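To start, the structure itself, in structure tokens.
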Amino acid sequence: MMTYFKRALLSISVLTAFSLAVSCGNSDDDVQFNPNLDSDLGLGQSVDECIDLGSNELLLSIQDEFTTLPGKVSVFFRVTDITGNPVAGLTANQFTIYEQGRNDDCFKTISPSESQARISPNSQVFTNHTLLILDLSNSVLSSSLSELKSASSSFINNVMDNPQSDSFQMAIYWFDGQDELHELEPLTPSREALLEAIDGITTDISSDPSTDLYGAVIKSTDVAEALLEESLEKSTIGAASVVLFTDGTDQASRYREKDALDKVADADSNISFFTIGLGTEIDTEILESVGKTFSVFAGNKEELETTFNQLSQKVSERANSFYLFEYCSPKRDGSGENNLVIQVLRGSQQGAVQTQFDASGFTGGCQ
């Protein structure tokens, strides 16, 4: 049976609407349901002064936290540096646990080995969606399709989990001059299905040679926001990345530039935006505004695969900067007065966050 942590930061209405209430910091690409705009620590708080851990060079933003009988404590959080860059690849031995009960003057270190501390697969609480949006207007199809297909395949191979996991999925869409965001491959965890879809692109796929760039931005954002709503309905934390490639500017004039840029600026901050531009006809200022998380540009089609690979690293780092940290607590106090500090060390950098948990019903035998 699972009991939820004390959530002092959340309103009664949010708790009624959603049992896994989540909050986080205010950077553009933080995952959040109900943002705590006054803190980069999400559900957590700054560490008590009685435990002197030094200044934070790393930020731990708690997304969700819960306990499971007979004594397991689980905290799902994201790690960034102080400039907001994601920190991926951390392991359990880089974390230190401190607990403080009602009779403790300050925090006491809990042995990672005795507590069976571990980084667990986060698929039970987290879903990450990547939307690859490809410009297949006439200029691409006639001059750089082969290079785009090769670069897109490399991107898929770099980003998708192997073996596949349902918590990491990708969909592929394309646009031309039509007022439609065409689905090439629906959301799937299958790398093979995505690669097959890319391989099947032919020069006659489009019947409109124009470029509806602003429409593609607006529609792909709508798709990403719908995926987050779907995650919410399934009681999981959702994140999405929109990765848009183009070799030109908006030619169709179906939608206003302002509407597209406002759509990105006002989008749910669960969504990250990445753009890839090719050639000399692109508007770098527009693409940087759309790709507010990260933008990259290729001067010619021979550089395209290298450029896609550069961006794939950024997308993967962001997805892998979320951690589900679990350990077995020795606390047996059900008053809700158990304080917890999680500290992470990466080289000379450290970061820590404090929260509380309720140990009601905790016993031995935690695995």
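The values are calculated or read from the model by the stated rules, or taken from the named source; none is laboratory data. Just so it is clear, the model here is predicted, and its values are computed rather than measured. Note: ideal-geometry Cβ built from the backbone for every residue, glycine included; neighbour counts use all protein chains shown. Surface areas here come from the heavy atoms of the whole protein model, side chains and all, with no ligands, DNA or RNA. Shrake-Rupley method; radii C 1.70, N 1.55, O 1.52, S 1.80 Å.
Normalising by the residue count of segment 69-165, find the relative contact order in percent from Cα pairs under 8 Å and 6+ residues apart. Could the numbers behind the result be given before it?
Working: 35 pairs, mean separation 14.6, N = 97.
Once divided by the residue count of segment 69-165, the mean separation gives 15 percent.
Under the √(5λ) rule applied to the eigenvalues of the Cα gyration tensor, what semi-axes describe the equivalent ellipsoid of segment 106-204? Give them in Å, descending.
On the way: eigenvalues 324, 35, 28 Å².
That gives 40, 13, 12 Å for the three semi-axes.
Of all DSSP beta bridges located in segment 122-225, what percent are antiparallel, nearest 5? Percentage antiparallel, nearest 5: 35. Per-residue extension of 0.36 nm, minus the Cα-Cα distance of T363 and Q313, leaves a gain of 13.7 nm for this segment. The mean sequence separation of alpha-carbon pairs under 8 Å and at least six residues apart, normalised by the residue count of segment 196-307, gives a relative contact order of 25 percent.
Based on the Cβ-Cβ distance of T280 and S150, what FRET efficiency does E = 1/(1 + (r/R0)^6) give at R0 = 35 Å, to the nearest 0.05? Efficiency computed from Cβ-Cβ geometry: 0.95. What FRET efficiency, computed as 1/(1 + (r/R0)^6) with R0 = 56 Å and r the Cβ-Cβ distance, is obtained for D262 and N93, rounded to the nearest 0.05? Approximately 0.80, to the nearest 0.05.
Over every Cα atom in segment 183-303, the radius of gyration and the widest Cα-Cα span, Dmax, amount to 15.3, 45 Å. Helices that extend 27 Å or more along their long axis by alpha-carbon positions and average at least 0.0 on the Kyte-Doolittle scale are, among the DSSP H runs of the chain, 213-233.
Just to be sure I follow: if Rg is taken over the C-alpha atoms of the chain and Rh is the Kirkwood radius over the same atoms, what is Rg/Rh? When Rh is taken as the Kirkwood radius, the ratio is 1.03. Entry note: segment 221-275 has Rg to Rh equal to 1.05, where both radii use alpha-carbon atoms and Rh is the Kirkwood radius.
In sequence order, segment 53-68 has phi-based couplings of 9, x, 6, 8, 9, 10, 10, 9, 9, 6, 9, 7, 7, 7, 10, 9 Hz under the Karplus curve 6.51 cos²θ - 1.76 cosθ + 1.60, θ = phi - 60°, and Gly or Pro positions carry x. Considering only G71, G89, G44, the mean-square fluctuation computed in a Gaussian network model of the chain, springs between alpha carbons under 10 angstrom, is largest for G89.
Using a Förster radius of 41 Å, what is the FRET efficiency between L187 and S46 based on their Cβ-Cβ separation? Nearest 0.05, please.
After rounding, the FRET efficiency stands at 0.60.
Suppose a student asked you for the relative contact order of the chain, using Cα pairs under 8 Å spaced at least 6 residues apart; what percent would you report? Please report the intermediate quantities before stating the final value.
Details: 848 pairs, mean separation 93.4, N = 367.
Across the chain, relative contact order equals 25 percent.
Nonpolar atom fraction for the chain, defined as the carbon and sulfur part of the 1.4 Å probe accessible area, stands at 45 percent.
Under 12 Å from a point placed 7 Å out from the Cα of E230 along the Cα-to-Cβ direction: which residues of segment 122-148 have their backbone N that close? Counting backbone N atoms under 12 Å from the label point, the list is 128-131.
Mind checking the full-extension length gain between D208 and D105? Use 0.36 nm per residue of separation minus the Cα-Cα distance, one decimal, nm. Write out the running numbers ahead of the final one.
Values: separation 103, 0.36 × 103 = 37.08 nm, distance 7.10 nm.
30.0 nm is the gain from fully extending D208 to D105.
Partners of K72 within straight-line reach, counting lysines whose Cα lies under 21 Å from its Cα and excluding those fewer than 8 residues away in the same chain: K6, K108, K331.
Counting Lys and Arg as +1 and Asp and Glu as -1, each charge on the Cβ, what is the dipole of the chain about the Cα centre in debye, to the nearest 20? Spell out each step's value before the answer.
Working: 22 positive and 55 negative charges, 293 e Å.
I would put it at about 1400 debye.
Summing -39500 (n - 2.57) over the DSSP H runs of n ≥ 4 in the chain and dividing by its residue number, what mean residue ellipticity at 222 nm do you reach, to the nearest 500 deg cm²/dmol? It would help to have the intermediate numbers written out before the result.
Numbers: 8 runs with 89 residues, N = 367.
Calculated at 222 nm, the ellipticity per residue is -7500 deg cm²/dmol.
Roughly what % antiparallel, to the nearest 5, for the DSSP beta bridges in segment 210-367?
If we restrict to bridges inside segment 210-367, about 45 percent are antiparallel.
Each semi-axis of the equivalent ellipsoid for segment 249-366 is √(5λ) with λ an eigenvalue of the Cα gyration tensor; in descending order they amount to 46, 19, 11 Å. Spin-label pair S253-R346: with each label point 7 Å from Cα along the Cα-Cβ axis, the two points sit 4.7 nm from one another. If you run the Gaussian network model on the chain, springs between alpha carbon atoms under 10 Å, then out of P70, P163, P330 the most flexible one is P163. Averaged per residue, the chain has 42 square angstrom of accessible surface, using a 1.4 angstrom probe with ligands and nucleic acids left out.
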